[in-house]
Amino acid sequence: MGTHTVRAAVTLGAAALLSAGLATASAAPAAQSSATPEHAKPPRPVLVDCFWKPQARPDAFILACGDANSRLASLHWSAWNARSAVARGVNFVNDCKPYCAAGTFHSYPVIVRLDRPEPWKKNPQMKHFTRMSLVFTGARPDGAPRVVTYPLWN
């Protein structure tokens, strides 16, 4: 074997070893950053809608799932955290006069507050708000108190 052939074989062998070492190093998992918190914050609670879909900061929400005779719209959220959520919006309520199918919807400005987060039965790792309070800031439906509180479905 000539010197040229030996030199070529040594060069090719060294290149193969070098590339194998680089491939192994690039495939190794990266070390975890010390900036990562020891335990991540749990996700914020959601609002479960009539179709069993989790929502965060929805712009609308149906209160009366069966007939949609009461619904929230134009929701603008000022807070949404692990304990509660607050929004301003409009509650559209059907007066059902003379009956609901022929009734008229009236709009009432409200403040919406969500609270009492609990694990959601459909997805226990996710929390959902279980109570909603509406504060009517102006006019309100006939016979309705200024603050109405609803349990939310699970």
Item to check | Yes/no for PRO124 being of a type outside the set (S, T, N, Q), assigned to a strand (DSSP E or B) and surrounded by fewer than 14 Cβ atoms within 10 Å (Cβ to Cβ) | outcome: yes
Checklist entry - Quick check: is even one residue across the stretch 77-96 surrounded by fewer than 18 Cβ atoms within 10 Å (Cβ to Cβ), among the hydroxyl-bearing types (Ser, Thr, Tyr) and modelled with pLDDT under 95? => result no
Item to check | Top-ranked residue in the stretch 62-106 [being assigned to a strand (DSSP E or B) and hydroxyl-bearing (Ser, Thr, Tyr); ranked as nearest to MET126 (Cα to Cα)] | outcome: SER78
Next on the checklist: Filter the stretch 140-150 down to the residues that are surrounded by fewer than 17 Cβ atoms within 10 Å (Cβ to Cβ) and in contact with a strand residue (DSSP E or B) (Cβ under 6 Å, 6 or more places away or on another chain) and list them by number.
Outcome noted: PRO141, ARG146, VAL147, THR149, TYR150
Checklist entry - Would you say GLY138 is in contact (Cβ under 8 Å) with a residue 24 or more places away in the chain and of a type in the set (Gly, Ala, Ser)? => result yes
Checklist entry - If the Cβ limit is 7 Å and pairs must be 6+ apart or interchain, which residue in the stretch 32-54 that is more than 16 Å from ALA64 (Cα to Cα) and modelled with pLDDT of 55 or more pairs with which residue that is part of a strand (DSSP E or B) and of a type in the set (D, E, K, R)? => result PRO45/LYS127
Item to check | Test result for PHE51, closer than 19 Å to TYR150 by Cα and surrounded by 14 or more Cβ atoms within 10 Å (Cβ to Cβ) | outcome: no
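Going by the conditions given, is ALA9 among the hydrophobic types (A, V, I, L, M, F, W, C), in contact with a strand residue (DSSP E or B) (Cβ under 9 Å, 6 or more places away or on another chain), surrounded by 10 or more Cβ atoms within 10 Å (Cβ to Cβ) and modelled with pLDDT under 95?
Numbers: among the hydrophobic types (A, V, I, L, M, F, W, C): yes; in contact with a strand residue (DSSP E or B) (Cβ under 9 Å, 6 or more places away or on another chain): no; surrounded by 10 or more Cβ atoms within 10 Å (Cβ to Cβ): yes; modelled with pLDDT under 95: yes.
Spelling it out, it is not the case that ALA9 is among the hydrophobic types (A, V, I, L, M, F, W, C), in contact with a strand residue (DSSP E or B) (Cβ under 9 Å, 6 or more places away or on another chain), surrounded by 10 or more Cβ atoms within 10 Å (Cβ to Cβ) and modelled with pLDDT under 95.
The values are calculated or read from the model by the stated rules, or taken from the named source; none is laboratory data. Treat the numbers as computed from the prediction; the structure is a model and nothing was measured. Note that we place each Cβ from the backbone using ideal geometry, even for glycine, and neighbour counts take in every protein chain shown.
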